[in-house]
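Beneath this line is the structure, given in structure tokens, with notes to follow.
Just so you know, all these numbers are worked out from the coordinates, no wet-lab data involved. Note that the structure is a prediction, hence the values are computed from the model and not measured. Positions of Cβ are backbone-derived with ideal geometry, glycine not excepted, and every protein chain shown enters the neighbour counts.
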Amino acid sequence: MTLSIEVSGKYRITSDEMQIVIQRKHTVDPTKSPNFNAETMSAELRTEWRNWKYCGKVAQAIELIARQNVFESDATSLKELCDEISAFRREINAKLDGEY
């Protein structure tokens, strides 16, 4: 059995036989593909989970996701950034509290 834990809506922690896998959620618009054929293919948007990073431990995966959230932040002040980091940590802690 493999892991499948969604983290912050945009990431999911899964596993294979050897490691922890972080996946990112992507929205795919098939009409933007050069191979799109409106007669034979659906034009509906779909969501895909794609492998993003590999880790040895779940704690490393959570830390990588937290770090990526900082890189992708739209914060314009240090306080905003700290608030976003704190919110992420609270979200993780709430999930941990709810699962035990």
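Some points to look at:
- Under 5 Å from the amide H of Lys53 lie the amide H atoms of Ile22, each residue being 5 or more positions distant or on a separate chain, with H modelled from the backbone and absent for Pro and chain starts.
- Protection-proxy order for peptides 78-89, 60-71, each taking the mean of Cβ atoms within 10 Å per residue, highest first: 60-71, 78-89
- Look at where the Cα atoms of segment 61-100 and of segment 16-55 average out, and the two centres are 25 Å apart.
- Against the chain, whose longest principal axis comes from its Cα atoms, helix 78-99 is set at around 90 degrees.
- Rounded to the nearest 20 debye, the dipole size of the chain about its Cα centre is 200 debye, using +1 on the Cβ of Lys and Arg and -1 on the Cβ of Asp and Glu.
- Label-reachable residues, segment 1-26, where backbone N falls under 15 Å from a point 7 Å from Lys53's Cα toward its Cβ: 7-8, 10-14, 20-25
- Long-range amide H partners of Leu3 with built H, under 5 Å: Ser15
- Read-out mean projected area of the Cα convex hull in nm², derived from the coordinates shown; its label in (i) 7.4; (ii) 10.6; (iii) 9.2: (iii)
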